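Contents: one structure, followed by commentary.
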Amino acid sequence: MEFGERLIPKPKSRFLKVKCLECGNEQIIFGCASTHVKCLVCDKVLAQPCGSKAKIRTQIEKVLT
Ligand SMILES: [Zn+2]
């Protein structure tokens, strides 16, 4: 068992479909982002780097494998 905040369950390379909580824009982001990922529409930060994985700061709609 791991203590989780809202980290991705498995630290593997994955793409995530996320939805911006600010404007509702949906976009695909990389699950291991090494830089901040921002919403393309409103510039809200959707994910931030956290060690080897990205910390997702918004709603995950779907995990794409
Ligand atoms: Zn947005």
Would you kindly state how much longer the chain becomes between Cys23 and Ile60 on full extension, computed as 0.36 nm times their sequence separation minus their alpha carbon distance, in nm to one decimal? 11.9 nm
Sort Thr65, Thr58, Thr35 by heavy-atom solvent-accessible area, probe 1.4 angstrom, most to least. Thr65, Thr35, Thr58
The local net charge around Cys39, scoring Lys/Arg +1 and Asp/Glu -1 for residues other than Cys39 whose Cβ lies under 14 Å from its Cβ, equals +1
At 1.4 Å probe size, put Leu40, Leu16 in order of accessible surface, largest to smallest. Leu40, Leu16
Here the net charge surrounding Gln48, from other residues whose Cβ is less than 9 Å away from its Cβ (Lys, Arg +1; Asp, Glu -1), is +2
Simple spin-label estimate for Lys38 and Ser52 in nanometres, 7 Å along Cα-Cβ: 3.0
Mean accessible area per residue over region 15-64 (1.4 angstrom probe, all protein chains present, square angstrom) is 58
Roughly to the nearest percent, how much of the accessible area of region 15-64 is carbon and sulfur, given a 1.4 Å probe? 50
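The values are calculated or read from the model by the stated rules, or taken from the named source; none is laboratory data. These figures come from a predicted structure and were not determined experimentally. Glycine also receives a Cβ, built like all others from the backbone with ideal geometry; neighbour counts cover every protein chain displayed. Ligands, DNA and RNA are stripped out before the accessible areas are found, and what is left, the full protein with its side chains, is counted by its heavy atoms. Shrake-Rupley method; radii C 1.70, N 1.55, O 1.52, S 1.80 Å.
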